[in-house]
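A short write-up of the structure that comes next.
The values are calculated or read from the model by the stated rules, or taken from the named source; none is laboratory data. None of the values given here were measured: they were computed from a predicted structure. As a convention, Cβ positions derive from the backbone with ideal geometry for all residues, glycine included, and neighbour counts pool all protein chains shown. SASA here: full protein model, heavy atoms, side chains in, ligands and nucleic acids out. Shrake-Rupley method; radii C 1.70, N 1.55, O 1.52, S 1.80 Å.
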Amino acid sequence: MPGFREIQQQEAEQIAAGWKSMVGMIEHLSAGRPVQPVQPTIMCRPGEEQYGTLPVDVSLYCGADYSYSGGTFASGGLLFTAAAMAAGAAYHANQRRKAEEASRPQWRPWGRFPAIITNRRVLLMIEQWSSYELEHLLMIEPSPMQYSVALHFEGSYPIMLRGPWVPWATVTLCGAMFGKPWPPGFVPPPELQGIGGPAPQTPQQELPPGP
């Protein structure tokens, strides 16, 4: 079983490899060359090309069903009872507020799953393969410096993919859809405007704010 340092080293190697592959794909697309498919590991549809397989951490932008119910019991003298009820009311109001905040739409971690990207869809292995059709994609929000991308599909909760190979997958998907490394109107961060540059350190685990 690998130790902590070995795991860190493996993660650093994956980050460096994913970043290098992203830079190579940016250069490839900027030269006007199309994305090249790989040997498929799934039964592709007619005209479908597979580009790669990668592990991703998935989050959903959605609400949650949180509810709070509570009561206060107090016995004793009138003053004691009044003070206890006032303290209880303040406590329950605070708990209700927390429950309301927790139920609001926000990015919620879903888990780590294998993903496959093709020129037609993004597939996630969540108990069974789930397909997100690119023809239903409304918006793509790349965050290469955070190793993440948010995908907004019609009729589905927005999903966020995160991992060392997600920047490469983002550029690859954009290349398949738009023939360019980035979606229309997106301005890449300064570190990528010149193409190249070293991979940033492992991003913090906090999720970026939702839409």
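For residue 65, the stated conditions hold: it is at pLDDT below 90 and within 25 Å of residue 158 (Cβ to Cβ).
Matching residues to (1) touching a strand residue (DSSP E or B) at 6+ places or on another chain (Cβ under 8 Å); (2) part of a loop (DSSP other than H, G, I, E, B); (3) open to solvent by 100 Å² or more (accessible area, probe 1.4 Å):
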position	(1), (2), (3)
7	no, no, no
16	no, no, no
22	no, no, no
28	no, no, no
34	no, yes, no
37	yes, yes, no
40	yes, yes, no
45	no, yes, no
48	yes, yes, no
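Take the conditions (1) over 25 Å from residue 106 (Cα atoms); (2) modelled with pLDDT under 95; (3) surrounded by 16 or more Cβ atoms within 10 Å (Cβ to Cβ); residue 171 misses just one of them, which is (2). Under 6 Å between Cβ atoms, at least 6 apart or on separate chains: pull out the pairs that start in the range 1-21 with a residue that is closer than 17 Å to residue 144 by Cα and end on any residue that is in a helix (DSSP H, G or I) and of a type in the set (A, V, I, L, M, F, W, C). Every condition considered, the pairs that remain are 18/168; 21/168. The set of residues in the range 183-204 being over 28 Å from residue 111 (Cβ atoms) and either open to solvent by 30 Å² or more (accessible area, probe 1.4 Å) or at pLDDT 95 or above (or both) consists of 184, 185, 187, 190, 191, 193, 194, 195, 197, 198.
Residues in the range 78-133 that are of a type in the set (Lys, Arg), modelled with pLDDT of 60 or more and in a helix (DSSP H, G or I): 2 in all. Any residue that is within 30 Å of residue 187 (Cα to Cα), outside any loop (DSSP other than H, G, I, E, B), modelled with pLDDT of 90 or more and open to solvent by 70 Å² or more (accessible area, probe 1.4 Å) - is there at least one of those in the range 143-151? Looking through the range 143-151, at least one residue is within 30 Å of residue 187 (Cα to Cα), outside any loop (DSSP other than H, G, I, E, B), modelled with pLDDT of 90 or more and open to solvent by 70 Å² or more (accessible area, probe 1.4 Å).
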